[in-house]
């Protein structure tokens with residue numbers, strides 16, 4: 001399901017817990033503005049993405065050196081639900097050097113990349129009710 005079509009811009013939370021602890025879970029959005037993704041200050045400069053429009057929001061939560069970090073952003077590639085088409089599904093990945101990553105992508109409404117704490121349920125793909 002794609003809610004936003006050409007011309008319309010989705011609005012997403014854009015922040016990183018590395019620079020703003022309010023971006024972490026639980027998310028405190030009292031001082032973080034909702035951003036129009038047409039004016040994304042962090043738009044990728046990758047040549048293949050020049051001119052691309054963000055149509056989704058993304059939340060990435062990763063554990064690095066035993067510290068959870070959260071990044072909320074506009075999403076330019078991928079599909080809701082990490083390719084499943086169901087944005088209630090997130091993807092969990094274990095990387096080398098003890099790095100764990102959870103990725104959730106959505107487009108059902110503005111600010112859909114908010115959410116409460118997540119509890120990992122042990123599966124590779126899990127329900128976004130825990131992620132968002």
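Conditions (1) surrounded by 15 or more Cβ atoms within 10 Å (Cβ to Cβ); (2) over 11 Å from residue 113 (Cβ atoms), marked per residue:
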| residue | (1), (2) |
| --- | --- |
| 10 | yes, no |
| 25 | yes, yes |
| 30 | no, yes |
| 40 | yes, yes |
| 46 | no, yes |
| 72 | yes, no |
| 75 | yes, no |
| 92 | yes, yes |
| 98 | no, yes |
(message) Could you go through the range 97-107 and let me know if any residue there is at pLDDT 90 or above and over 13 Å from the mean Cα position of the chain (by Cα).
(response) yes
(request) May I ask you to verify whether residue 79 is within 20 Å of residue 25 (Cα to Cα) and part of a loop (DSSP other than H, G, I, E, B)? (result) no
(request) Mind listing just one residue for me: the one in the range 48-59 that is in a loop (DSSP other than H, G, I, E, B) and out of contact with any strand residue (DSSP E or B) (no Cβ under 6 Å at 6 or more places or on another chain) and, of those, surrounded by the most Cβ atoms within 10 Å (Cβ to Cβ)? (result) 55
(request) State which residue is farthest from residue 12 (Cα to Cα) when the search covers only the range 34-47 and only residues that are at pLDDT 85 or above and touching a strand residue (DSSP E or B) at 6+ places or on another chain (Cβ under 8 Å). (result) 40
(request) Taking only the range 60-82 into account, find how many residues are modelled with pLDDT under 90 and touching a strand residue (DSSP E or B) at 6+ places or on another chain (Cβ under 8 Å). (result) 6
(message) Taking the criterion of being assigned to a loop (DSSP other than H, G, I, E, B), touching a helix residue (DSSP H, G or I) at 6+ places or on another chain (Cβ under 7 Å) and within 21 Å of residue 109 (Cα to Cα), would at least one residue in the range 65-75 satisfy it?
(response) no
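The values are calculated or read from the model by the stated rules, or taken from the named source; none is laboratory data. Note that the structure is a prediction, hence the values are computed from the model and not measured. A quick note on method: Cβ atoms are made from the backbone with ideal geometry, for glycine too, and the neighbour counts reach across all protein chains shown.
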